[in-house]
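Here's the structure we're looking at; comments come further down.
The values are calculated or read from the model by the stated rules, or taken from the named source; none is laboratory data. Everything quoted here is computed from the prediction, not taken from an experiment. No Cβ is skipped: glycine too gets one built from the backbone with ideal geometry, and neighbour counts run over all protein chains shown. Calculation scope for accessible area: heavy atoms of the full protein, side chains included, ligands and nucleic acids excluded. Shrake-Rupley method; radii C 1.70, N 1.55, O 1.52, S 1.80 Å.
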Amino acid sequence: MTDRLRDVYVVDAVRTPIGKYGGALSGVRPDDLAAGVLGALVSRTPDLDPARIDDVIFGNANGAGEDNRDVARMAVLLAGLPVTVPGATVNRLCGSGMEAVIQAARAIAVGDASIAVAGGVESMSRAPWVVPKPERAFPAGHQEMFSTTLGWRMVNPRMPKEWTVALGEGAELVADRYGIDREAQDAFALASHQKAARAWDAGLYDSEVVPVDGADLARDECIRDNTSIEALAKLKPVFRQGGTVTAGNSSPLNDGAAALLLTDEDGLRATGRQPLARIGATAVTGIEPQYFGAGPVEAVQRALKKAGRGVGDLNILELNEAFAAQALACVGQWPGLDPAVINPRGGAISIGHPLGASGARITGAVAHQIAAAGSGTGIAALCIGVGQGLALVLER
């Protein structure tokens, strides 16, 4: 432990292109996805001796299949790093990748580590079905099988019914509470696709996206360059008859991974590089589970207060677009926020939302964007199933 907290720097950040459910990355195991970004991240800093990495922390939301058995440690071994490099896996559902960054940064800040890698991974395509153990041996009847791809399963009967609604119904509830209509949601979704397509066409993702071995995928697979308001308006509500939430204004199911290299001042010198950004503050909050989509509202406000900033100071806000309804509900609670700073290179509706990876992806996105600008303040934030919000401030 040190007498004061150390500054923590983001030295580099990489991610895979994001694959769609059953798409180009569905044949790649999640531990291989994690190993791929870890290996790519380390190779981009040739002055760094990999043995100096004090810890590798990855977020993973499901962990029920090939990502079991501590996928962070599996990634270390599969990436060919020294066996002396440890690894830990954390789970805060959709916020898992950012939680990994926060935990790694905290270890560096208090002097428990000097160099760490943090990231996240999810293969929703390869998430398995699971069968609970029977309550008695040798049952003769049929057993129920649960998908681990997304959302509630094997729910504790003691949980109030209003807390355990489907995620999409939760988005409908948020739309009701904050008065977000279908037209606004579709317009937000269209803008996400347009911004992501423009960013890719302009080469803005070239510095952070790394290829996946054995997969033919050059860019995010769910971006729809040719979608339109008319096409989005034709889609039927998915979760509620007469509702407003559709497949077009929701994030898809995805596969992908992301990783960031974090250091203190001593570790920075060991990399021989200049940092992209410095971590300024973080915050986590809770909310009623069915209104999970509004979770980032308070988390962003708390994180900015800790950093001595306000929403008017932001140059970049990477807000994970789980649903257009929840993103718009959050934005509406931050008066003074410039709409131009929100997800300028697209968001999860177009890019994708591989659960455990998204928090690391958007944190890396903020770091790259404020580094490209030369200076600024940015924040990354996510809503989290079961009612939480998570936010992280970056500065340069």
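Test of understanding: among Gln274, Gln301, which residue is in a helix (DSSP H, G or I) and surrounded by fewer than 19 Cβ atoms within 10 Å (Cβ to Cβ)? Answer to the check: Gln301. Checking each residue in the stretch 35-63 for being more than 19 Å from the chain's Cα centre (by Cα) and of a type in the set (S, T, N, Q) picks out Ser43, Thr45. Being farther than 13 Å from Leu261 by Cα, of a type in the set (Gly, Ala, Ser) and in contact with a helix residue (DSSP H, G or I) (Cβ under 6 Å, 6 or more places away or on another chain) is true of Gly95.
Would it be correct to say that Asp112 is open to solvent by 10 Å² or more (accessible area, probe 1.4 Å) and either closer than 22 Å to Leu25 by Cβ or among the aliphatic types (A, V, I, L, M) (or both)? Can you show your working first?
Values: open to solvent by 10 Å² or more (accessible area, probe 1.4 Å): yes; either closer than 22 Å to Leu25 by Cβ or among the aliphatic types (A, V, I, L, M) (or both): no.
In short, no.
How about the stretch 251-277: which of its residues are touching a Lys or Arg at 6+ places or on another chain (Cβ under 8 Å) and more than 15 Å from Ser114 (Cβ to Cβ)? Scanning the stretch 251-277 gives Pro252, Leu253, Asn254, Asp255, Gly256, Ala257, Ala258, Ala259, Leu276, Ala277. Within the stretch 214-250, the set of residues being under 24 Å from the mean Cα position of the chain (by Cα) and surrounded by fewer than 12 Cβ atoms within 10 Å (Cβ to Cβ) comprises Gly214, Asp216, Ala218.
Among residues of the stretch 329-341 that are closer than 22 Å to Arg182 by Cα, those with a Cβ under 7 angstrom from a residue that is open to solvent by 40 Å² or more (accessible area, probe 1.4 Å), sequence gap 6+ or separate chain, pair up as Ala329/Tyr178; Gly332/Tyr178.
Among the small types (Gly, Ala, Ser), assigned to a loop (DSSP other than H, G, I, E, B) and open to solvent by 30 Å² or more (accessible area, probe 1.4 Å) - does that describe any residue in the stretch 64-77? Yes; the residues of the stretch 64-77 include at least one that is among the small types (Gly, Ala, Ser), assigned to a loop (DSSP other than H, G, I, E, B) and open to solvent by 30 Å² or more (accessible area, probe 1.4 Å). Answer yes if at least one residue in the stretch 278-288 is among the charged types (D, E, K, R) and within 16 Å of the chain's Cα centre (by Cα), and no otherwise. No, every residue in the stretch 278-288 fails to be among the charged types (D, E, K, R) and within 16 Å of the chain's Cα centre (by Cα). Can Ala64 be described as at pLDDT below 95 and within 30 Å of Phe323 (Cα to Cα)? The answer is yes for Ala64.
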